[in-house]
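Each remark here refers to the structure printed beneath this line.
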């Protein structure tokens with residue numbers, strides 16, 4: 001069994017060994033909305049020093065987002081139960097839009113493995129324009145209204161965080177982060193719904209989600225289930241991959257490449273992956289990827305001047321490339337230029353191997 005929420009212990013048992021559960025700051029959304037100076041300082045330090053934090057939404061200002069999250073969870077569970085041909089009605093329309101079946105990317109354990117999840121991505125731009133390309137199992141008016149509400153509330157939450165970061169970094173005018181994330185400008189901002197299947201369904205070669213940093217500026221992530229692992233930044237000793245404990249009433253927020261670039265590499269981009277904590281369960285997570293306007297220009301980790309759209313498309317291609325090609329690509333693409341200290345797994349990790357079915 002997974003340990004209780006917000007566990008007092010520092011380690012949990014996984015793969016027959018002790019694995020750390022990394023601690024992190026908790027930011028109060030209500031205080032951040034009011035631009036409370038101490039809370040602004042807390043979120044800035046979290047982004048400068050770690051690149052991630054819990055966001056406490058269990059208050060009058062955040063409970064709408066928590067309810068929207070529950071509604072989306074019910075919708076996505078129903079959607080993922082639909083036949084594959086219905087879910088894949090449009091296929092992957094664009095890199096930030098459409099359906100990805102299981103095994104589209106590299107898995108959590110590197111060479112020779114594929115991911116163990118299916119994903120539906122809904123474009124914020126298309127929802128805003130009233131013409132979303134959404135597969136028929138969830139295309140009725142009620143479902144579209146629900147998705148619009150959820151995207152709207154997630155957008156508000158992430159913009160509040162951006163505004164606080166701009167204030168805390170003493171940015172003014174056009175330099176403020178939110179001025180490259182305007183609602184009326186095209187972007188690849190998306191709501192992604194992910195379903196990790198039990199290993200007995202996918203087999204031992206389709207497991208989890210590979211180590212990476214996100215393309216986004218900010219990722220607002222919801223999951224009640226264990227499986228997300230992060231690598232804290234730093235070079236003082238072996239900072240191994242460790243779990244993020246689900247925390248009731250909270251979202252997990254982390255910095256992506258675009259905001260790191262926009263900050264002049266001051267913010268940390270969060271290195272993370274997803275592994276099967278309990279390989280027998282269906283795991284669901286919801287991520288809102290707030291991304292900069294398509295034509296936003298910044299200097300990337302290679303020192304190149306690129307637009308946000310160019311970086312998005314190049315990195316998405318790297319995600320979907322075969323692992324052999326990924327191994328030849330610069331690490332700055334998958335990890336956004338972040339440096340690592342310590343091994344992914346101090347001891348070998350074995351993928352879950354389902355019992356072979358005996359012929360009768």
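None of the figures in this text is laboratory data; all of them are computed from the coordinates on show. Just so it is clear, the model here is predicted, and its values are computed rather than measured. Virtual Cβ from ideal backbone geometry, glycine too; neighbours counted across all protein chains shown.
The modelled label-to-label distance between residue 71 and residue 90, using points 7 Å beyond Cα along the C-beta direction, is 2.0 nm.
Comparing the range 13-334 with the 2.2 N^0.38 Å rule of thumb, its C-alpha radius of gyration ratio is 0.94 (two decimals). I need to check one value: relative contact order of the chain, counting alpha carbon pairs closer than 8 Å and at least 6 residues apart, in percent. Reported as a whole number, the value is 22 percent.
Panel order for 219, 167, 65, by other beta carbons found within 10 Å of each beta carbon, from fewest to most: 167, 65, 219. Distance between the modelled labels on residue 344 and residue 200, one decimal in nanometres: 2.7 nm (7 Å Cα→Cβ projection). Subtracting the Cα-Cα distance of residue 11 and residue 172 from 0.36 nm times their residue separation leaves 53.7 nm of extension gain. Sorting 35-46, 151-162, 268-279 by their mean Cβ neighbour count within 10 Å, with the most densely packed peptide first, gives 268-279, 151-162, 35-46. When DSSP beta bridges are restricted to pairs lying wholly in the chain, around 90% turn out antiparallel.
Just want to confirm a number: the relative contact order over the range 34-173, from Cα pairs under 8 angstrom separated by 6+ residues, in percent.
It rounds to 27 percent for the range 34-173.
Calculated [222 nm] ellipticity per residue, helices only, for the chain: -8500 deg cm²/dmol; basis is -39500 (n - 2.57) per DSSP H run with n ≥ 4, divided by all residues, nearest 500. Gyration tensor over the Cα atoms of the range 94-180: the corresponding equivalent ellipsoid has semi-axes (square roots of 5 times the eigenvalues, largest first) of 30, 23, 10 Å.
May I ask what percent, to the nearest 5, of DSSP beta bridges between residues of the range 89-231 are antiparallel? Beta bridges within the range 89-231, antiparallel portion: roughly 95 percent.
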